[in-house]
Amino acid sequence: MLELTTQKAHDETRQGEAYAPFKSDSTTYSKRFYIESYGCAMNFADSEVVASILNKEGFGATRNVEDADLIFVNTCSIREKAELTVRKRLTEFRKLKKTKPGILVGVLGCMAERLKAKFIEEEKLVDLVVGPDAYRSLPALVNKAESGQKAINVLLSRDETYADISPVRLNSNGISAFVSIMRGCNNMCSFCVVPFTRGRERSRDPESIVKECRDLFENGYREVILLGQNVDSYYYTPQLRKAESLTTPVTFAALLELVAKISPDLRVRFSTSHPKDITDEVLHTIAKYENICNYIHLPVQSGSTRVLQLMNRTYTREWYMSKVDRIREIIPGCGISSDFIAGFCTETEEDHQDTLSIMEHAQYDYSYMYYYSERPGTLAQRRYTDDIPLDIKKRRLAEIVEVQNKLSLASNKKDIGKTFKILIEGESKKSDTDWMGRSTHGKVFVFPKENYNLNKGDYAMVKVADCTQGTLLGKIIDPVS
Ligand code: SAM
Ligand code: SF4
């Protein structure tokens, strides 16, 4: 899988990541929890909400599973492989439970929602099963589990957004933070399990979003990534949600504007956009504010209109291509990335060639690429046969990856000689004499610190001298702050 940015919706390098302990927290906790997260950025953001709920109940985080009284795994169901990884991890916790019998194991997130009580039957060591809309009930469920009973709550909600819960930012770089703006998904892409595991779409109160972003800015953060399965369909209706100071509905474009106005020094990103919902209003708002990043993740999934119809994506190849053209017309030079599924049901070689050619048209900067994994209960599983042999799926995926590698390198080469405003995120992993940061297009930059008095969170103007497929190598020509 080619994955070039750590700000993506699904970051392979973060799978299974455990929280760091509260570094600056001097409280003595009677109990410790350990939480490991899998899947998309929404899950990582949810783990921060869970940490906040548990923290209030007197549980402190630990990064060392052996020290924990409670072990949580926040799970993903998007592909079979994601579920198998969690099952395997649970076998390791089984060994631990034998040496420390009082320890409780809880499964959170999409797998909990998909398998419900079956999880407790299948995985005897699991004590708690909690769906993504039921985290407020965690303290009560932990109490129940501590009394020896199995505890389960997988109720999906029509209005839970955890708006009032301030997530605990434990693993962040202190510069960039995820902010969840909506939950669930009303699209019914036939391959996708998300509408079943995360429920109906609902938008979070914009006032609480702006407050969270402002608090982050005041605490030194310089970038917020607004998160949702389908952010462009964000729509907050005050009448429905009884917000007092708002009288008109808030669209995604209006929300972007509200967040951008917090400070010109706060960068705003968002993920993910469903192509059908991204409007000219959103594109013009991005173009209007320098601090709204010129980068759109616009998953196409397939370049064949026939396959897109089977996937229920509601757009054609031509319509998608004209959307890409429109983005580049309103936001010249906008970075665009995509998701692909190789080998969906009935996909022919011709369909696959359509995918390769749409990539050439869109000139994606990055892509997240997968082969089709049939998920139980989805429309595709009920209606179609998963008829493409695994070796063909893998070969097509490899061809997609090859084209993307070529496009990513070409996109980076085009930047050589140009100068970009870079937000410094920290030291480069390879050398403490270099900074690592990102441009508005989401591209990763590495450049020498030299003698400039800069810190992470500062901006610098960097001229590109060279590149690899994943990184631009440059030199500071002007420190901005
Ligand atoms: N809401 C986002 C959208 O519509 O683009 C994406 C959500 S999903 C968590 C992330 C990506 O996983 C999808 O864009 C798709 O490429 C991939 N995906 C979803 N279901 C899949 C499946 N059954 N097999 C393989 N990949 C899948
Ligand atoms: Fe899944 Fe489609 Fe919703 Fe994305 S838009 S979460 S792919 S159903």
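The values are calculated or read from the model by the stated rules, or taken from the named source; none is laboratory data. Treat the numbers as computed from the prediction; the structure is a model and nothing was measured. Heads up, the Cβs are rebuilt from the backbone with ideal geometry, glycines too, and the neighbour counts pull from every protein chain shown. Ligands, DNA and RNA are excluded from the accessible area calculation, which covers all protein heavy atoms including side chains. Shrake-Rupley method; radii C 1.70, N 1.55, O 1.52, S 1.80 Å.
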>> Looking at segment 33-45, I want the residues that are within 12 Å of ligand 1 (Cβ to nearest atom) and of a type in the set (Gly, Ala, Ser) and have a partner that is modelled with pLDDT under 90 and open to solvent by 10 Å² or more (accessible area, probe 1.4 Å) with Cβ atoms under 7 Å, at least 6 apart or on another chain. Which pairs are those?
In response: Gly39/His10; Ala41/Ala9
>> I need every pair where a residue in segment 189-207 that is open to solvent by less than 10 Å² (accessible area, probe 1.4 Å) has its Cβ under 8 Å from the Cβ of a residue that is among the charged types (D, E, K, R) and near ligand 1 (Cβ under 9 Å from one of its atoms), sequence separation at least 6 or different chains.
In response: Val193/Arg375
> Given the conditions (1) under 30 Å from Arg222 (Cα atoms); (2) touching a Gly at 6+ places or on another chain (Cβ under 7 Å), and given that Thr419 satisfies all but one, which numbered condition is not satisfied?
Replying inline: (2)
> Quick one: how many residues across segment 364-382 are under 23 Å from the mean Cα position of the chain (by Cα), crowded, with 19+ Cβ neighbours inside 10 Å and touching a residue at least 60 places away in the same chain (Cβ under 8 Å)?
Replying inline: 9
> Identify, please: which residue in segment 177-188 is surrounded by fewer than 22 Cβ atoms within 10 Å (Cβ to Cβ) and of a type in the set (S, T, N, Q) and is, among those, nearest to ligand 2 (Cβ to nearest atom)?
Replying inline: Asn187
>> Conditions first: (1) farther than 26 Å from Glu80 by Cα; (2) outside any loop (DSSP other than H, G, I, E, B); (3) at pLDDT 95 or above. Thr197 passes all but one, so which condition is the exception?
In response: (1)
> Looking at segment 279-292, is at least one residue surrounded by 17 or more Cβ atoms within 10 Å (Cβ to Cβ), within 16 Å of ligand 1 (Cβ to nearest atom) and either part of a strand (DSSP E or B) or at pLDDT below 95 (or both)?
Replying inline: no
> Which of the residues spanning segment 450-466 are open to solvent by less than 60 Å² (accessible area, probe 1.4 Å), on the phi < 0 side of the Ramachandran plot and within 26 Å of the chain's Cα centre (by Cα)?
Replying inline: Asp458, Tyr459
>> Given the criterion hydrophobic (A, V, I, L, M, F, W, C), away from ligand 1 (no atom under 16 Å from the Cβ) and farther than 23 Å from Cys467 by Cα, identify the matching residue among Ile331, Ile392.
In response: Ile331
> Of all residues in segment 165-176, which are open to solvent by less than 30 Å² (accessible area, probe 1.4 Å), under 26 Å from Pro238 (Cα atoms) and not hydrophobic (A, V, I, L, M, F, W, C)?
Replying inline: Pro167
> Taking segment 106-150 only, how many residues are closer than 24 Å to Asn64 by Cα, out of contact with any Gly (no Cβ under 8 Å at 6 or more places or on another chain), surrounded by fewer than 22 Cβ atoms within 10 Å (Cβ to Cβ) and in contact (Cβ under 8 Å) with a residue 12 or more places away in the chain?
Replying inline: 4
> Pick from segment 383-420 the residues that are open to solvent by 70 Å² or more (accessible area, probe 1.4 Å) and in contact with a Ser or Thr (Cβ under 9 Å, 6 or more places away or on another chain): which of them is farthest from Cys189 (Cα to Cα)?
Replying inline: Asp387
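Would you mind stating whether Tyr320 is within 16 Å of ligand 2 (Cβ to nearest atom), open to solvent by less than 30 Å² (accessible area, probe 1.4 Å) and outside any loop (DSSP other than H, G, I, E, B)? Lay out the reasoning, then the answer.
Working: within 16 Å of ligand 2 (Cβ to nearest atom): yes; open to solvent by less than 30 Å² (accessible area, probe 1.4 Å): yes; outside any loop (DSSP other than H, G, I, E, B): yes.
Criteria met by Tyr320.
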> Filter segment 249-269 for residues that are part of a helix (DSSP H, G or I) and touching a Phe, Trp or Tyr at 6+ places or on another chain (Cβ under 8 Å); which is surrounded by the fewest Cβ atoms within 10 Å (Cβ to Cβ)?
Replying inline: Glu257
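Table: residues versus (1) on the phi < 0 side of the Ramachandran plot; (2) among the aliphatic types (A, V, I, L, M); (3) within 17 Å of the chain's Cα centre (by Cα); (4) more than 16 Å from ligand 2 (Cβ to nearest atom).
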{"position": "Glu201", "(1), (2), (3), (4)": "yes, no, yes, no"}
{"position": "Tyr221", "(1), (2), (3), (4)": "yes, no, no, yes"}
{"position": "Val231", "(1), (2), (3), (4)": "yes, yes, yes, no"}
{"position": "Thr272", "(1), (2), (3), (4)": "yes, no, yes, no"}
{"position": "Leu283", "(1), (2), (3), (4)": "yes, yes, no, yes"}
{"position": "Ser304", "(1), (2), (3), (4)": "yes, no, no, yes"}
{"position": "Gln309", "(1), (2), (3), (4)": "yes, no, no, no"}
> Across segment 439-470, what is the total count of residues that are outside any loop (DSSP other than H, G, I, E, B) and not aliphatic (A, V, I, L, M)?
Replying inline: 7
> Given the structure, is His361 assigned to a helix (DSSP H, G or I), open to solvent by less than 30 Å² (accessible area, probe 1.4 Å) and either farther than 23 Å from Leu298 by Cβ or touching a helix residue (DSSP H, G or I) at 6+ places or on another chain (Cβ under 8 Å) (or both)?
Replying inline: no
